[in-house]
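Everything below concerns the one structure shown next.
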Amino acid sequence: MKDNLITIDGPAGAGKTTVSRELARRLGYTYVDTGALYRGVAWAVRTAGCAGGDDERIGAVCRSVSMYFTDTPRGLRFFVNGEDVSDAIRTQEITMLASALSARAVVRDALLGVQRRLGAEGNAIFEGRDMGTVVFPEARFKFYLDADPEIRVLRRYKELLEKGEDIRLETVRQNMQKRDQDDSSRALAPLKPAPDAVRIDSTAMSLDQVIVVILEHISKRRK
């Protein structure tokens with residue numbers, strides 16, 4: 001059992017990123033946003049002009065792409081092929097493309113090895129959709145964070161507005177519904193809680209309340 005790995009899975013808008021970052025800060029762990037890796041591949045695929053291409057072309061992009069996180073004066077930034085794409089990968093276009101690409105075996109196979117190498121040293125928190133079910137099924141501490149669908153839509157809408165995107169609430173709602181359906185119904189690594197994951201509904205919870213629940217569970221298990 002990986003005693004120093006924490007996985008936090010769940011759908012968009014559940015609060016995974018905020019919780020994972022704060023939890024990593026408090027524990028002194030490395031935070032790994034696996035969604036950024038899929039978004040990075042999506043950005044690279046689109047840039048290469050093969051967003052609608054076949055698996056052979058997409059696989060070639062996956063094998064050649066360089067992705068890494070770097071601490072900067074602006075905080076943790078994400079680079080793809082030497083370019084800071086931290087903001088560029090958060091658009092709705094890249095979000096939906098990343099979701100579509102994540103259903104392709106060639107993409108998941110390429111990133112599975114990347115994620116496991118990142119987790120080899122331990123003391124890390126991995127946020128995603130299949131961290132506890134596929135990537136690190138042996139992790140001792142697994143959590144599945146969810147929230148009411150409408151609350152998740154509003155959170156995502158607010159996030160996009162704060163980033164300067166001109167988008168309608170209804171568009172965000174439709175995109176999220178499609179992504180939820182695609183992620184949970186795909187045959188390959190569908191979005192679902194691991195059997196031994198602690199499920200947390202963050203609908204009416206503050207960030208601190210969610211963190212407390214997670215830390216209390218970790219403490220009890222370690223004792």
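Every read-out reported here was derived from the displayed coordinates using simple, explicitly stated rules and does not represent laboratory data. Source: prediction; values computed, not measured. Note that we place each Cβ from the backbone using ideal geometry, even for glycine, and neighbour counts take in every protein chain shown.
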Query raised in the report: What list of ³J(HN,Hα) values in whole Hz, one per residue of the range 141-155 in order, does the Karplus curve 6.51 cos²θ - 1.76 cosθ + 1.60 (θ = phi - 60°) give from phi, with Gly and Pro shown as x?
Result: 10, 10, 9, 10, 9, 9, 6, 4, x, 5, 5, 5, 4, 5, 5
Query - Other-chain or far-sequence residues with amide H under 5 Å of residue 147's (modelled H) - result: 202
Report task. Just need the relative contact order of the range 2-222 here, percent rounded to a whole number, with Cα pairs under 8 Å and 6+ apart. Result -> 34
**Report entry** Anisotropy class of the range 18-67 from Cα gyration tensor, a/c 1.5 cut
**Finding:** prolate
Query - Cross-link pairs 142/220; 142/163; 192/223; 142/192; 158/178 - those with Cα-Cα distance over 24 Å - result: 142/163; 192/223
Query - Spin-label zone in the range 93-122 - amide nitrogen under 17 Å from a point set 7 Å from the Cα of residue 60 along the C-beta vector - result: 106-107
Requested in this report: Considering only DSSP beta bridges where both residues belong to the chain, give the percentage that are antiparallel (nearest 5).
Outcome: 30
Query - Contour minus Cα-Cα distance for residue 223 and residue 109 (0.36 nm per residue) - result: 37.4 nm
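Using only DSSP helix segments of four residues or longer, with each worth -39500 (n - 2.57), what per-residue ellipticity at 222 nm results for the chain after dividing by its residue count and rounding to 500? Can you show the working numbers first?
Values: 8 runs with 108 residues, N = 223.
For the chain, the value works out to -15500 deg cm²/dmol.
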Query raised in the report: In nm, to one decimal, how far is the residue 166 label point from the residue 192 one, both placed 7 Å along Cα→Cβ?
Result: 4.3
Query raised in the report: Whole-Hz Karplus ³J(HN,Hα) for the range 210-223, in order, using 6.51 cos²θ - 1.76 cosθ + 1.60 and θ = phi - 60°, x for Gly and Pro?
Result: 5, 4, 4, 4, 5, 5, 5, 5, 4, 4, 5, 5, 6, 7
Report summary line: The simple spin-label model distance between residue 70 and residue 148, using points 7 Å out along Cα→Cβ, in nm, is 4.3
Requested in this report: Consider the candidate values [x] 46, 43, 27; [y] 46, 40, 31; [z] 52, 41, 39; state which one is Cα extents along the principal axes in Å computed from the structure displayed.
Outcome: [z]
Query raised in the report: Expressed as a whole number of Å, what is the distance separating the alpha-carbon centroids of the range 1-68 and the range 90-125?
Result: 4
Requested in this report: Would you work out the relative contact order for the range 63-120, in percent, from Cα pairs under 8 angstrom that are 6 or more residues apart?
Outcome: 19
Report task. Read phi for every residue in the range 175-184 and hand back ³J(HN,Hα) as whole Hz from Karplus 6.51 cos²θ - 1.76 cosθ + 1.60, θ = phi - 60°, with x for Gly and Pro. Result -> 5, 5, 4, 5, 5, 4, 5, 5, 5, 7
Report summary line: The extension gain from residue 159 to residue 93, computed as 0.36 nm times the residue separation minus the Cα-Cα distance, is 22.3 nm
Report task. Would you work out which of 28, 50, 15 lies farthest towards the positive end of the dipole of the range 13-64, given +1 charges on the beta-carbon of Lys and Arg and -1 on that of Asp and Glu, about the Cα centre? Result -> 28
Query raised in the report: How much length, in nm to one decimal, is gained on full extension between residue 215 and residue 118, taken as 0.36 nm per residue of separation minus their Cα-Cα distance?
Result: 32.7 nm
**Report entry** About the Cα centre, charge dipole magnitude for the chain (Lys/Arg +1, Asp/Glu -1 at Cβ), debye
**Finding:** 480
